[in-house]
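Novice: Shown below is the structure under consideration.
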Amino acid sequence: MTEVARQAASGLDQNTGAGGQPVLDNLVALLDLERIEENIFRGVSPAHSPVRVFGGQVAGQALVAAGRTVPEERKVHSLHAYFIRGGDPSVPIVYEVDRIRDGRSFTTRRVIGVQHGKAIFSLSASFQKVEPGIEHAEGMPDVPRPETLPTLLERVSEFSDQIGHHDRPRPIDIRYVNDPPWVTRQTGERPARNQVWMRADGKLPEQDLLHVCVLTYASDMTLLDSVLARHGVYWGLDNVLGASLDHALWFHRPFRADEWFLYDSGSPTASGARGLATGQFFAEDGTLIATVVQEGLLRVLDY
């Protein structure tokens, strides 16, 4: 483990307050993988992580590993990932990159995350040289501006004794547009959409791949909430067991992850103890920047 990674592993949990630049800097350090061979990288987790490694972290780190083997002028446009086993936050994750193809326009990489000799995560990512072409996009929903909305800490203050993990310092500033699912659970509302403004809580370096990886990290936050909210249940308040199963992202246009973006998500279906969630990311000016789809394991006991 490098000294920078070691400091990040401890610092992401020891900062106090709502977050800010120090917490974001620790996330950037966690995404700065150690290269231990030409196609092999090593990443760590925060020292006081939950029982399993956060899915957004392993997806972001795997994308970093893939991107480190691709020319900078080729930009990631899609990724498809499977969460195979729960990650152990107490030991490093080794990322093995397979250079599947280097074509004239597209580059394809496959990444396997390994712990204790077993695969815990797999990712396929495609990169493309920048090309002109036809353009169209759906418009952003009409929502209040993020500065007018309460912070996550303010939203969770009444429930901190029940869902205290939400009051930890976070590298992502989250502002709920509609009432959070732990509130609608009590009010009886069953919203079809879950809408939050997000941004990295500080300033990020001028690295395109890093901004994409930070959005990938954030994309695993709040997405499955759109499934649970339709049934009036929530993590920590009800007997819910859940985990991300697979995750796909398409990146449509350039963006900065340290500027506000709207994460608009919903759930078209849930069955067989699984829930499907889809989402779109919009820049503050209304530009559609990315699309996400995830299926999660959701066992709601005593429902």
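Novice: Is there a residue in the range 186-195 that is within 20 Å of Glu147 (Cα to Cα) and modelled with pLDDT of 95 or more? Reasoning before the result, please.
Specialist: Step one: list which residues in the range 186-195 are within 20 Å of Glu147 (Cα to Cα), which gives 194-195.
Narrowing the set further to residues that are modelled with pLDDT of 95 or more leaves 194-195.
The answer is yes, given that some residue of the range 186-195 is within 20 Å of Glu147 (Cα to Cα) and modelled with pLDDT of 95 or more.
Novice: Residues in the range 178-199: is at least one small (Gly, Ala, Ser) and closer than 29 Å to Gln128 by Cβ?
Specialist: In the first step, residues of the range 178-199 are kept if they are small (Gly, Ala, Ser); the result is 188, 192.
From the residues that got through so far, the ones that are closer than 29 Å to Gln128 by Cβ too are none.
No.
Novice: State all residues of the range 131-151 that are within 20 Å of Phe281 (Cβ to Cβ) and acidic (Asp, Glu); if no residue qualifies, say none.
Specialist: Within the range 131-151, Glu135, Glu138, Asp142, Glu147 meet the criteria.
Novice: Sticking with this one: Does Asn178 count as assigned to a strand (DSSP E or B) and either within 22 Å of the chain's Cα centre (by Cα) or not aromatic (Phe, Trp, Tyr) (or both)? Spell out the reasoning first.
Specialist: Numbers: assigned to a strand (DSSP E or B): no; either within 22 Å of the chain's Cα centre (by Cα) or not aromatic (Phe, Trp, Tyr) (or both): yes.
Judged against the criteria, Asn178 is not a match.
Novice: Looking at the range 116-144, which of its residues are free of Cβ contacts under 8 Å to residues at least 40 places away in the same chain and more than 20 Å from Thr69 (Cβ to Cβ)?
Specialist: The first filter runs over the range 116-144 and keeps only residues free of Cβ contacts under 8 Å to residues at least 40 places away in the same chain, leaving 116-119, 131-136, 142, 144.
Across the range 116-144, the qualifying residues are His116, Gly117, Lys118, Glu131, Pro132, Gly133, Ile134, Glu135, His136, Asp142, Pro144.
Novice: What about Pro46, is it more than 18 Å from Cys213 (Cβ to Cβ) and crowded, with 18+ Cβ neighbours inside 10 Å? Walk me through it before giving the result.
Specialist: Numbers: more than 18 Å from Cys213 (Cβ to Cβ): no; crowded, with 18+ Cβ neighbours inside 10 Å: yes.
The answer is no for Pro46.
Novice: Of all residues in the range 135-178, which are at pLDDT below 80, surrounded by 12 or more Cβ atoms within 10 Å (Cβ to Cβ) and acidic (Asp, Glu)?
Specialist: Scanning the range 135-178 gives a single hit, Asp167.
To keep it simple, each residue is scored yes or no on (1) modelled with pLDDT under 95; (2) closer than 24 Å to Gly139 by Cβ.
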| position | (1), (2) |
| --- | --- |
| Gly232 | yes, no |
| Ala257 | no, yes |
| Phe281 | no, yes |
| Leu297 | no, no |
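Novice: Applying the selection to the range 281-295, what residues are under 13 Å from the mean Cα position of the chain (by Cα) and either β-branched (Val, Ile, Thr) or over 19 Å from Leu123 (Cα atoms) (or both)? I'd like the intermediate steps shown before the answer.
Specialist: If we filter the range 281-295 for residues that are under 13 Å from the mean Cα position of the chain (by Cα), which is where we start, we get 281, 290-294.
Matches in the range 281-295: Phe281, Thr291, Val292, Val293.
Novice: If I filter the range 31-61 down to residues being in a helix (DSSP H, G or I) and in contact with a Gly (Cβ under 7 Å, 6 or more places away or on another chain), which single residue comes out as nearest to His116 (Cα to Cα)? First the steps, then the outcome.
Specialist: Here is the first cut: in the range 31-61, the residues in a helix (DSSP H, G or I) are 31, 55-61.
In the following step, the residues that additionally are in contact with a Gly (Cβ under 7 Å, 6 or more places away or on another chain) were identified as 31, 58, 61.
Numbers: Leu31: 21, Val58: 15, Gln61: 18 Å.
The extreme case among them is Val58.
Novice: Okay, next question. Looking at (1) surrounded by fewer than 23 Cβ atoms within 10 Å (Cβ to Cβ); (2) among the hydrophobic types (A, V, I, L, M, F, W, C); (3) within 22 Å of Leu245 (Cβ to Cβ); (4) touching a Gly at 6+ places or on another chain (Cβ under 7 Å), which is the only condition Ile112 fails?
Specialist: Condition not satisfied by Ile112: (4).
The values are calculated or read from the model by the stated rules, or taken from the named source; none is laboratory data. Note that the structure is predicted; figures quoted are calculated from it, not measured. FYI the Cβ positions are ideal-geometry reconstructions off the backbone, even for glycines, and counts take in every protein chain you see.
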